[in-house]
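Data first, discussion second: the structure below is written as structure tokens.
The values are calculated or read from the model by the stated rules, or taken from the named source; none is laboratory data. Quick caveat: nothing in here was measured; it's all calculated off a predicted structure. Cβ sites come from the backbone with ideal geometry, for glycine too, and all protein chains shown count toward neighbours. Each accessible area value is taken on the protein alone, full model and side chains, heavy atoms only, with ligands, DNA and RNA left out. Shrake-Rupley method; radii C 1.70, N 1.55, O 1.52, S 1.80 Å.
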Amino acid sequence: MKQFCHQCHHHCFHGCCDWHRHRKTTESSSSSSSSISSSSTSSLIASIAKIASYLQIISTKFLLEVMGASGAIWGCSDILSLRNAPDGATRIRSLAILVGVIFLVRYWWHMKHWWQFERDYLPIHKMQRAAHRCACFQMHASNFVLQVLGGAGAIWGCSEAIMLRHANNAMEWRMASMVVGSVFLIRWMFQIAANCSYLVASWWSTDDPSSIRTTILQWYEMLVVKLVLEVFGATGAVWGFSEVVTLRNSDTNRFWRPIAIGIGVIYLVRWICHLTKFVQSERESVAAAERVAQVDVDDDDDVTGPDEFAISEVADLQLKESTDTLNTTASLESLKSLDVSVTSDEHASEFQHQPAFPSLLVPLKGQTFP
């Protein structure tokens, strides 16, 4: 058994316990250079901020991805009335715990990768998707659980946690949760189609910030997706996971409701901060685009002015050359006519002064003396 576990760990979970930081050399060199140039107070503040960012990432991912996965299964089963069947609650609870364990293993790998490289996993290139089918399946399956089921379960669980849902309006909230889940299902299907190259890459891409489609997608992701999945999802994750692990029941609802609402308020403040930064970045990008457009217009004006001046100069030169050519031609023709007249006059005068006895003079051309 021990050998089997060792082989399974070596082949299936190879590297799961390797927490060696691959950015250690760069960090040490940068820290050594910064320690010389900066004071101890600033370095202490920077280290505290870095630790706080790590804690924020660790807690957020555990809450939204591990507890959220179990809460999504539990909440969607209640939306679809699957827990009303005999032994339905027990089976769904076992399934939710199993999904939570699977996402706990996934959380372990993501945290290890974040600690080593200080970033999340890079997206799989489309030329490598055939060789990484398991990774693609894991990515889309995780998105289905966390986003599609999580979106519907977030509405369902959060409405109960803040006491908006009760027995009298359960059907209305069930329909609202199904609508939200359907919207996120369509979004998930578009993501798969874009990832598998069934859609044009630019259709779902947000690389072009100047297009209207990109602006709509960015605002939709910020206003709708993040609000539902991170704010409502955090509240619903605490509310649903506490019931999955049998910590919450009808007697302890008063204890868990303030906790769920408090965590929801914390993530609401976090979402507002992200929204403020997003609006500020959008304003800066719009201002930068306007500046670039103005610079292009100024460059076009600068280029157009000399070109028009050069064209006018060329036209003047061509007109001058044509005028000079006409004048030269006229002068040549006048000189030619003058030369003809002079030649005719010379021949006439030569004919008039020719002697009557040419034999007494030098013989003319073609003539000989007798």
Computed accessible area, E243, all protein chains, 1.4 angstrom probe, square angstrom: 50 Å²
Cross-link table K112/K226; K50/K112; K50/K226, entries beyond 21 Å C-alpha to C-alpha: K112/K226; K50/K226
Linear extension gain, N169 paired with I58, 0.36 nm per residue minus alpha-carbon span: 36.3 nm
The range 42-85: trypsin sites (Lys or Arg not before Pro) in DSSP loop, at most 15 other beta carbons within 10 Å: none
